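Novice: Encoded as structure tokens, here's the structure I'll be asking about.
The values are calculated or read from the model by the stated rules, or taken from the named source; none is laboratory data. Here the structure is a predicted model, which is why all the values come from computation and not from measurement. No Cβ is skipped: glycine too gets one built from the backbone with ideal geometry, and neighbour counts run over all protein chains shown.
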Amino acid sequence: MDSAQNHKLPSPIHIVTSSTCAEFTHLLQSLRQSTVVGLDAEWKPRRSSQPDSSPFPPVTLLQIACQFQAEKSDEGPKSEVFLVDLLWVPLGDVYQPIKEMFESESIIKLGFRFKQDLVFLSHTFSSQGCEPGFDLVAPFLDITNIYFRLKNQNSAKRCSKDTKSLATVCEELLGISLSKELQCSDWSSRPLSEEQIQYAAADAFYLLEIFSIFQQNIVNEGECVASVSEGDDDHCRMMQSILRDFGDKIVLKESDKVPKNTKKKVKQRKCINGNKKENVEVSTEWQGPAPWELSVGGDGFPKFLCDVMIEGLAKHLRCVGIDAALPSSKKPDPRELLNQAYKEKRVLLTRDIKLLRYQYLAENQVYKVKSLLKNDQLVEVIETFKLSISEDQLMSRCTKCNGSFIQKPLTIEEAVEASKGFQVIPSCLFDKNLEFWKCTTCYQLYWEGTQYRHAVDKFVAICKLKD
Ligand SMILES: [Zn+2]
């Protein structure tokens, strides 16, 4: 239908991190000129299995894509994308401009099922003293309605309304495939990654692009006399005609601002894309801070306890230098496991969903591993917990018992002496001038032979340390 190259994100993407920065002034200026804005918001995904967590996650990012007429009227509309970092900008400073934009009759607001975002956004602001939050967005156009309008005008049959994600809509109307992985990424960690910035900006900007197609379509249909780029008056008339026929508004009632038992649904609105696998991930999303973090009284070193089902993952973690304990018994009682995790400030890694339901373990102390294969599991854990792995960490821990190594390597003579009675050192190593390392806990000896080098290469590849 259309091609991706035609829908390039405006550059640069303006990130508003304070109310004194130039980007903030720029945002206010753009809002004053805008006739259409695309809106989206991001928050940190929560685990729906945690009944006691707040039903309103704090919104951490508000994306505003502004469209306005260029100063020279023959240039057509201009777009700018702003990411308002709600973790950094004092909310009191952006509350009024956002509220005014939401309620301004001269700005059409575009969103994709934006009501949920508004509920969370409103709660985020009102809980910080910006009363009464937000309760009106008007005039508003839901992109879903525009999509169905565009899709259905040539066919009498209406397609099902509840199966379209923004990704599907963008793909069909703009020929763009939005990345789905980032939807559930941690929107509360800073700095945002370049991918997160692009993704967040795209979500708001493509709303403008879809709206442009819609406008052009209306012009072509002759429902309106003006074209998109013609004079101000004509443009104004077209907007009015669109609003008359398609305009809507979002009004939050008091009952919308009260927590409902719909957390699961809420999460899914952000996280499903017709993909079953992602559904499972939704309910098991990691909640930080990890128990080893300094801010919660830990020592700063990641520590895990692997359930018996994922013993292989424990060994892999040890190979990359991460402290990964195993339960002391082969068939541990869940309570034993949870106690050990709690006492030693470890995160329990498990594939057993039942363990997630134990209420007395803090939500940041258990994580359900989704991947099946241990290499994938390792990558999953590294990514989820943002572990930094360096090459000199590889093979720095006893894979047998999770113990650490002695400070100084042993010579062959010392190693032979140390191995007496429980470990045989192959005689072929004797003339190789190798260094030996001893586990301080189980006294197992390791040396940097062929096996060691293969293992290092393997983990360098898995952890992509060479990129
Ligand atoms: Zn050991």
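Novice: For region 84-99, state whether one or more residues are modelled with pLDDT of 90 or more, hydroxyl-bearing (S, T, Y) and on the phi < 0 side of the Ramachandran plot.
Specialist: yes
Novice: Just a yes or no: is a residue in region 340-347 within 16 Å of the ligand (Cβ to nearest atom), more than 22 Å from the chain's Cα centre (by Cα) and not small (G, A, S)?
Specialist: no
Novice: For the structure I just gave you, tell me whether W286 is modelled with pLDDT under 80 and among the aromatic types (F, W, Y).
Specialist: yes
Novice: Moving on to the next point. Return the only residue of K400, K458, K438 being within 16 Å of the ligand (Cβ to nearest atom), modelled with pLDDT of 90 or more and not in a loop (DSSP other than H, G, I, E, B).
Specialist: Going through K400, K458, K438 in turn, the sole match is K438.
Novice: Sticking with this structure for a sec: Considering every residue within region 309-323, establish whether at least one is closer than 20 Å to T441 by Cα, without any contact (Cβ under 8 Å) to a residue 40 or more places away in the chain and in a loop (DSSP other than H, G, I, E, B).
Specialist: No, the conditions are met nowhere in region 309-323.
Novice: Please verify whether region 412-429 includes one or more residues that are in a loop (DSSP other than H, G, I, E, B), in contact with a Lys or Arg (Cβ under 6 Å, 6 or more places away or on another chain) and within 16 Å of the ligand (Cβ to nearest atom).
Specialist: no
Novice: Answer yes or no: is there a residue in region 445-452 that is within 11 Å of the ligand (Cβ to nearest atom) and at pLDDT 90 or above.
Specialist: Within region 445-452, one or more residues are within 11 Å of the ligand (Cβ to nearest atom) and at pLDDT 90 or above.
Novice: May I ask you to list pairs of residues, at least six apart or on different chains, whose Cβ atoms are under 8 Å apart, with the first in region 425-439 being touching a residue at least 60 places away in the same chain (Cβ under 8 Å) and the second being surrounded by 17 or more Cβ atoms within 10 Å (Cβ to Cβ) and charged (D, E, K, R)?
Specialist: none
Novice: Right, next: If you go through region 324-340 one residue at a time, how many are in contact (Cβ under 8 Å) with a residue 40 or more places away in the chain and farther than 18 Å from D376 by Cβ?
Specialist: The number of residues fulfilling the criteria is 2.
Novice: Would you list the helices (runs of 4 or more DSSP H) that sit entirely within region 104-220 and hold 2 or more residues that are polar (S, T, N, Q)?
Specialist: 114-126, 143-152
Novice: Let me ask something additional. Name the single residue, out of those in region 359-376 being assigned to a helix (DSSP H, G or I) and surrounded by 16 or more Cβ atoms within 10 Å (Cβ to Cβ), that is nearest to the ligand (Cβ to nearest atom).
Specialist: Among residues in region 359-376 that are assigned to a helix (DSSP H, G or I) and surrounded by 16 or more Cβ atoms within 10 Å (Cβ to Cβ), the one nearest to the ligand (Cβ to nearest atom) is K374.
Novice: Pairs needed: first member in region 443-467, closer than 17 Å to I389 by Cα; second member anywhere, loosely packed, with under 15 Cβ neighbours inside 10 Å and modelled with pLDDT of 85 or more; C-beta distance under 8 Å; at least 6 residues apart or different chains.
Specialist: These pairs meet every condition: V456/E391; V460/E391; L465/S390; L465/E391.
Novice: As an exercise: evaluate S419 against (1) free of Cβ contacts under 8 Å to residues at least 40 places away in the same chain; (2) exposed (fewer than 13 other Cβ atoms within 10 Å of the Cβ) and give the number of the one condition it does not meet.
Specialist: The number of the failed condition is (2).
Novice: Still on this structure: In region 88-137, which residue that is touching a residue at least 60 places away in the same chain (Cβ under 8 Å) and among the aromatic types (F, W, Y) is farthest from S30 (Cα to Cα)?
Specialist: Per the stated criteria, the residue is F120.
Novice: Do we find a residue being in a loop (DSSP other than H, G, I, E, B), more than 29 Å from D186 (Cα to Cα) and within 16 Å of the ligand (Cβ to nearest atom) anywhere in region 379-397?
Specialist: yes
Novice: In region 377-405, what residues are over 15 Å from C319 (Cβ atoms) and surrounded by 14 or more Cβ atoms within 10 Å (Cβ to Cβ)?
Specialist: Within region 377-405, E380, T384, F385 qualify.
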